[in-house]
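Here's the structure we're looking at; comments come further down.
Just so it is clear, none of the values below were taken in a lab; they were calculated from the coordinates. Note that the structure is a prediction, hence the values are computed from the model and not measured. A quick note on method: Cβ atoms are made from the backbone with ideal geometry, for glycine too, and the neighbour counts reach across all protein chains shown.
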Amino acid sequence: MNPSVRWDKTVDVVVIGYGGAGATAAIAAHDAGAATLVLESASEGGGNTLASFGGFVGHDDPSKALAYFTALFKASHSERDEQLLRVFVEESAKTPDWLRSLDRDVALQSYGGASYPQVAGAEAIKRYVIKGKNKGATAFAQHLWRLLSSAVEQQRHIPVLRQTPAQRLVTGRNGDVVGVIAKVNWQDLAIQAKRGVILASGGYEFDQATLKSSVKGSPLHSLGHPGNRGDGVRMAQKVGAALWHMNGVSCAFGLKVPAFAPALMMSIGNVGQIFVDRNGNRFVNEGAIERHAALLAVDFFDSQALSYPRIPFYLIFDEKTRKRAPLSRSAGLGSAGSSYTWSKDNQKEIDNGWISKADTVAELARKLGIPDANLSDTVGGWNAAVLAGHDGHFGREMPEDAASARIDTGPFYGVEIHPALINTQGGPRRNERAQIVDPFGKPIPGLYGAGELGSLWGLLYQGGGNIAECLAFGRIAGANAAAGR
Ligand SMILES: Cc1cc2nc3c(=O)[nH]c(=O)nc-3n(C[C@H](O)[C@H](O)[C@H](O)COP(=O)(O)OP(=O)(O)OC[C@H]3O[C@@H](n4cnc5c(N)ncnc54)[C@H](O)[C@@H]3O)c2cc1C
């Protein structure tokens, strides 16, 4: 043992981070007989898990599911650990029963399938949420979090120390992880972990330095939990962990306004909306961007202009579309969204100055700072394509009601849109036993990982995959940490 540390507390297993993965790991460690303690840096638990939609992916055929997930890695040339994927597929199949073991009244609802239906094996992919009474965009996440947190705190009485951020891992003479130094009220708290430490502290969505060194595209905003600042990446690096998937993100579009630190999620590309880059040109089929892969649609760098012309880009629409419905189908999700109600006719957001308004397209271009002749040409070209029923540039499907898609009725509107991270995937690499490994693949004794920190997902992501991984690898990490070194 490190002779310089005087322990303030001793338990069997310390879990760092009280989101979906940390809660699941704590339950599993406790149920395997370990005295378990959870550390959470924020004043409340839940993390990104509670800001999410709350869906998790499952399947009805393991070999088809494995083929589908494997194809996503092959297509994106991301690093894939076949054994980890296999275990994920096997363990995910047990998740519905495990959830019901926490509360036999838990009822699941299926809400969709594969993010990429064109890929072989996609028909086996199912997505689920937990039914319940709550309403609103994060209702399913609330149902999930209530289930997990009550299993931790009310049913098992596992202690959770809030506002107690882990600062560093303590290693023994052989490099094995034997404890954690946390901070509470500006004082160090040294906690000995006799059997193991589980890192479940989420990603680096709110750590610009780590984002800049690992993810292409800038600026990147985030939709999720501001407490996810990459602490787990640094703690794991310090004790010799290998990092992987650092360029992997799940990324949507967002609107960044000064009122909130996180961005507001924008599910856009709906009828009557086009996207233009900072030169005023369309650049994509707006209706065909997979909602977690938005960054891949905009991270183009122009090496002549020396800029990212699509970050930010502009959402353009007219008065008909303004009145029809809220711009975004996902307003209400994420940390900022859950405390803001978007107006039905978008008027409040115009009044807030979040949406620019002008009587003519040329005037709108000048307000947005893009070349007015280009924007006028682009809007004219779009209206002609709608009339012809064919988008010759990007093959966007045209609605039957062509008039609704045209941008021809003033006033005209524009909104600055950024890529906005749902979460990051990278971090310390783990094996199929959830042990964090060094750069040579050797497990670091006593150290385990779960959740989006060091996720198995790479560049191309299946919706629902992160929470499913929290539940699957949370259980594996908890059980193996409890079993000891
Ligand atoms: C808008 C939105 C929608 C989403 N929808 C879905 C979805 O439907 N399905 C899906 O699979 N995924 C979804 N995601 C992603 C998913 O929610 C996350 O990837 C997942 O919940 C991460 O869980 P986690 O337990 O790993 O981390 P988190 O839930 O983020 O928990 C990590 C916790 O660790 C704490 N922490 C950080 N540093 C420290 C430290 N030093 N010491 C102690 N504690 C620390 C944080 O405060 C946080 O509470 C969504 C995310 C967002 C933002």
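Around G254, which amide H atoms from residues at least 5 apart in sequence, or from another chain, sit under 5 Å from its own amide H, with H modelled in the peptide plane?
M266, H418, A420
Helix 20-31: angle to the longest alpha-carbon principal axis of the chain, degrees 0 to 90, nearest 10?
Value to nearest ten degrees: 20.
Once you place label points 7 Å from the Cα toward the Cβ at R234 and Q83, how far apart are they in nm?
Reported label-point gap for R234 and Q83 is 3.2 nm.
Show me the trypsin sites (Lys or Arg not before Pro) within segment 271-359 that DSSP assigns to loop and that have at most 12 other Cβ atoms within 10 Å of their Cβ. If you can, show how the numbers build up before the last one.
Details: sites: R278, R282, R291, R310, K320, R322, K323, R324, R329, K344, K348, K357; in loops: R278, R282, R291, R310, R329, K344.
For trypsin sites (Lys or Arg not before Pro) across segment 271-359 that sit outside H, G, I, E and B with at most 12 neighbouring Cβ atoms in 10 Å, the list reads K344.
Given 20 °C and 1.002 mPa s, how large is the Stokes-Einstein diffusion coefficient of segment 109-255 in µm²/s, with Rh as the Kirkwood radius over Cα pairs? List each step's numbers first, then the result.
Working: Rh = 18.9 Å.
Translational diffusion coefficient: 114 µm²/s.
Projecting each Cα onto the charge dipole of the chain (Lys/Arg +1, Asp/Glu -1 at the beta carbon, about the Cα centre), which of A75, A93, Y461 comes out farthest on the positive side?
Checked the options; the winner is A93.
Quick check: convex hull of the Cα atoms in segment 32-182, volume per residue, rounded to a whole Å³? List each step's numbers first, then the result.
Details: hull volume 25.7 nm³, N = 151.
Dividing the Cα hull volume of segment 32-182 by its residue count gives 170 Å³.
Going Cα to Cα from K442, which aspartates and glutamates come in below 18 Å? Please leave out same-chain ones fewer than 8 positions away.
E79, D81, E82, D176, E432
Roughly speaking, what is the centre-to-centre gap between segment 406-485 and segment 246-311 when only Cα atoms are used, to the nearest Å?
Between the Cα centre of segment 406-485 and that of segment 246-311, the gap is 22 Å.
Report, ordered by chain and residue number, the lysines lying within cross-link reach of K357, taken as a straight Cα distance under 21 Å and ignoring same-chain residues fewer than 8 apart.
Here the lysines satisfying the reach criterion relative to K357 are K256, K320, K323, K344, K348, K367.
Note the full-extension length gain between R100 and Y340 as 0.36 nm times their separation in residues minus their Cα-Cα distance, in nm to one decimal. Mind dumping the intermediate values first?
On the way: separation 240, 0.36 × 240 = 86.40 nm, distance 3.28 nm.
Contour length minus Cα-Cα distance gives 83.1 nm.
Please report the base-10 log of the normalised intensity I(q)/I(0) for segment 346-440, using a Debye sum with one equal scatterer per alpha carbon and no solvent, at each q in 0.14, 0.24 (1/Å).
For segment 346-440 at q = 0.14, 0.24 Å⁻¹, log10 I(q)/I(0) is -0.68, -1.23.
In µm²/s, what is D for the chain at 25 °C and 0.890 mPa s, where D = kT/(6 pi eta Rh) by Stokes-Einstein and Rh is the Kirkwood radius from Cα pairs? Can you show the working numbers first?
On the way: Rh = 23.4 Å.
Estimated via Stokes-Einstein, D reaches 105 µm²/s.
Quick one: give the max-minus-min coordinate of the C-alpha atoms of segment 250-421 along each principal axis, largest first, in Å.
42, 39, 30
For the chain, build the charge dipole from Cβ charges (+1 Lys, Arg; -1 Asp, Glu) around the Cα centre, then report which of I27, L243, S376 sits farthest towards its positive end.
Farthest along the dipole direction, towards plus: I27.
As I understand it, the dipole of the chain uses +1 on the Cβ of Lys and Arg and -1 on the Cβ of Asp and Glu, about the Cα centre. Which of G451, Y340, T10 lies farthest toward its positive end?
Value: T10.
Put a dot 7 Å past each Cα toward the Cβ at K74 and F301; how far apart are the dots in nm?
Using points 7 Å along Cα→Cβ, the separation is 3.0 nm.
Tell me, what HN-Hα J-couplings in whole Hz come from the Karplus equation 6.51 cos²θ - 1.76 cosθ + 1.60 at θ = phi - 60° for each residue of segment 413-418, using x for Gly and Pro?
After applying 6.51 cos²θ - 1.76 cosθ + 1.60, I find 9, x, 10, 7, 10, 10 Hz.
What whole-number distance in Å separates the alpha-carbon centres of segment 88-166 and segment 338-394?
38
Amide H neighbours of L447 under 5 Å, at least 5 residues apart or on other chains, H built in the peptide plane: list them.
For L447, whose amide H was placed from the backbone, the distant partners under 5 Å are V177, V197, I436.
Please compute the Cα-Cα pair-distance distribution of segment 398-460 with 10 Å bins starting at 0, giving whole percents from short to long.
Binned Cα distances yield the sequence 17, 27, 15, 12, 13, 13, 2.
When the dipole is taken about the Cα centre of the chain, and only Lys, Arg (+1) and Asp, Glu (-1) are charged at their Cβ, what size is it in debye, to the nearest 20?
On the way: 50 positive and 46 negative charges, 248 e Å.
The dipole magnitude comes to about 1180 debye.
What residues have an amide H closer than 5 Å to that of V170, excluding those fewer than 5 places away on the same chain, when H is modeled at 1.01 Å from N in the peptide plane?
So V170 has HN proximity to V178, G179, V180, I181.
If you line up the long axis of helix 139-149 against the longest principal axis of the chain, both from Cα atoms, how many degrees apart are they, to the nearest 10?
10
Among the chymotrypsin sites (Phe, Trp or Tyr not before Pro) within segment 391-479, which fall in a DSSP loop and have no more than 12 other Cβ atoms within 10 Å of their own Cβ?
Numbers: sites: F394, F412, Y413, F440, Y448, W457, Y461, F473; in loops: F394, F440, W457, Y461.
Counting only loop positions with at most 12 other Cβ atoms within 10 Å, the chymotrypsin sites (Phe, Trp or Tyr not before Pro) in segment 391-479 are F440.
Give me the Debye-computed log₁₀ of I(q)/I(0) at q = 0.18 Å⁻¹ for segment 299-388, equal point scatterers on Cα only, no solvent, two decimals.
Taken in order of the listed q values, log10 I(q)/I(0) reads -1.03.
Which angle from 0 to 90°, rounded to the nearest 10, does the C-alpha axis of helix 82-92 make with the longest principal axis of the chain?
Result, in degrees: 90.
Stick to the Cα atoms of segment 208-319, pair each with every other, and give me the Kirkwood hydrodynamic radius in Å at one decimal. Intermediate results must be reported in sequence, preceding the final value.
Numbers: mean 1/r = 0.0632 Å⁻¹.
After inverting the mean inverse Cα-Cα distance, the result is 15.8 Å.
In sequence order, what are the phi-derived ³J(HN,Hα) couplings for segment 370-379 according to the Karplus relation 6.51 cos²θ - 1.76 cosθ + 1.60 with θ = phi - 60°, rounded to whole Hz, with x for glycine and proline?
10, x, 5, 5, 5, 5, 4, 4, 5, 5
Kindly write out, for segment 47-61 in residue order, the coupling ³J(HN,Hα) from the Karplus curve 6.51 cos²θ - 1.76 cosθ + 1.60 (θ = phi - 60°), rounded to whole Hz, with x marking Gly and Pro.
Values per residue, Gly and Pro as x: x, 5, 4, 7, 8, 8, 6, x, x, 9, 8, x, 7, 10, 7 Hz.
Using a 10 Å cut-off on Cβ atoms, rank the peptides 416-422, 225-231 from the highest mean neighbour count down. The partial results should precede the final answer.
Numbers: 416-422: 25.0, 225-231: 22.6.
Ranking the peptides 416-422, 225-231 by packing returns 416-422, 225-231.
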